[in-house]
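Below is one structure, written out as C-alpha cells, with a few remarks after it.
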Amino acid sequence: MSLFLLKRLITLVATLIGTSVIVFLVLEILPGNAAQILMGPDAAPEAVEALATKLGLDRPAGVRYWDWITGMLVGDLGLSYAYSTPVGELVLERLALTVPLAVMAMFFTTVIALAAGIYAASRHNRLGDVGVMGLTQVGIAIPNFWFAILLILLFSVHLKWFSAGGFPGWGDGFWPALQSLLLPALSLAVVQGAILARITRSAVLEVLREDFVRTARAKGVTRHATLWTHVLRNALIPVVTVMGLQFAELLAGTIVVESVFYLPGLGRLIFQSISNRDLIVVRNCVMLLAAMVVIVNFIVDLLYAVIDPRVKASDI
C-alpha cells in the first residue's frame, strides 16, 4: 500500500507543477496590458508604466513565476489589480458558495444515478429499463440553464417555495443559505445524474453477467441483496471514475447556473476577472480549480484500491 500511495503522490506533485507552468505561460502570452486596462485607454504612457512597475508586471517572467509559486506555498496569493483586495480573501469568499453548491449537486447526482441506473439494470429490456433510459436521454439533452429557468418558474414564481436567486450568506443562517442553493444544485444534478445513470446501468449489467452473481443467486441470495451487496461494489470503479470527473466539472463549470440564479460564486469571479484583465485573480483561480481536479482524481485512485484491492496489487 505504501508503494501504491507513494506513486500516486509523486504523480500528484508532478501534475501540479506541470499545471502551474502551463497556466502561467498561457496567461503570459495573452494579448493586452493589465495596467493599460486599469488606467483606461486615454491614460498617459508614463502613468501606465508606473502602474505596471507597481504591480510588478515589468519583472522577468521567471521571477514572477517563482514569486507566485512560493507565495502560494505560504498562502500569499497576491493583491487583486481590480479590487485592491488580497486574492486569498476573494477566493475564500467565493469558495464558501461554490464548494457547498458542488457538493449538494454531486449528492443529488449520486442519488439520482444510482437509483435510476440500478433500477434500469434490474429490469433490463423491460418497460422500467426503457422508461429510465428515455428519461436519461431527455436529461442529457436539456441544457442545465434552461432547466434552472423551469425550476425558477415552478418553485419561485408559482409555488413561491424558494427565492428566484441571490445568496444571503452563511452568516444569515444555515437554512436560508442552504435553501438558496437547492434549486441551483438540482439544475446541475439533472444532466450529470442522467449521464451517470447510464454509466451505472451499463456497469451493473456487465457485472450481472459474471459467474459469481449466478452462484450467489443459486445459493438462495435474493435479487435485491445480490444487487446491493455483490453487484454494486464490483460495478463501482467506472461509476466512481465518472463521479470524480463530474465533481471536478461541477467545481469549475457552474458559471452559467451561477448567472441564472445570480450567485456570487467562483465561476462569476473568474468571468469578471477576465473582463477586468485581473490576471493575478484568473491565474490563482484557474490553478486552484486545476489543483482541485488533480486532487479529486488522486482521491478516486485511492478509492479504486478500497473498492477493488486487485487494482492496488496490480500497481505494485
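Expressed as a whole percent, the accessible surface of the chain that belongs to carbon and sulfur atoms is 69, based on a 1.4 Å probe. Given R0 = 25 Å, the distance between the Cβ atoms of GLN137 and ALA115 translates into a calculated FRET efficiency of 0.90.
Please list THR109, THR222 from largest to smallest accessible area, probe radius 1.4 Å, with all protein chains kept in place.
On the way: THR109 0, THR222 80 Å².
If we order THR109, THR222 from most to least accessible, we get THR222, THR109.
Share of Cα-Cα pairs in the chain beyond 35 Å, in percent? Beyond 35 Å sits 37 percent of the P(r) for the chain. The VAL21 and GLN272 beta-carbon pair, evaluated with R₀ = 35 Å, returns a calculated FRET efficiency of approximately 0.85.
Label reach from LEU154 (point 7 Å along Cα→C-beta): in region 194-229, amide nitrogens under 18 Å belong to 194-195. Dividing the mean sequence gap of close Cα pairs (under 8 Å, 6+ apart) by how many residues the chain holds gives a relative contact order of 27 percent. Placing a label point 7 Å from the Cα of LEU178 along the Cα-to-Cβ direction, the residues of region 106-144 whose backbone N falls under 16 Å from that point are 106-108.
Let me spell out the model: positive unit charges on the Cβ of Lys and Arg, negative unit charges on the Cβ of Asp and Glu, origin at the Cα centre of the chain. What dipole size does that give, in debye rounded to 20?
Working: 22 positive and 20 negative charges, 333 e Å.
For this selection, approximately 1600 debye.
For region 232-261 and region 66-91, what is the centre-to-centre distance using only Cα atoms, to the nearest Å? Taking the Cα centre of region 66-91 as reference, the centre of region 232-261 is 28 Å away. Summarising the amide proton neighbourhood of LEU79: residues at separation of 5 or more, or on other chains, whose placed amide H is nearer than 5 Å comprise VAL87.
Rolling a 1.4 Å probe across the protein heavy atoms gives the chain an accessible surface of 53 Å² per residue. Using R₀ = 51 Å, calculate the FRET efficiency as 1/(1 + (r/R₀)^6) where r is the Cβ-Cβ separation of ALA61 and ILE299; round to 0.05. Rounded to the nearest 0.05, the efficiency is 0.95. Comparing Cα centroids, region 142-221 and region 279-303 end up 23 angstrom apart. Taking the helices alone, the chain has a mean residue ellipticity at 222 nm of -24500 deg cm²/dmol, built from -39,500 (n - 2.57) per DSSP H run of at least 4 residues and averaged over all its residues. Computed from Cα positions, the angle between helix 127-141 and the longest principal axis of the chain comes to roughly 10 degrees.
The values are calculated or read from the model by the stated rules, or taken from the named source; none is laboratory data. Bear in mind that the values here come from a model prediction, so they are computed numbers and not experimental data. Cβ atoms come from the backbone with ideal geometry, glycine included; neighbour counts cover every protein chain shown. In case anyone asks, the SASA skips ligands and DNA or RNA and just uses the protein heavy atoms, side chains included. Shrake-Rupley method; radii C 1.70, N 1.55, O 1.52, S 1.80 Å.
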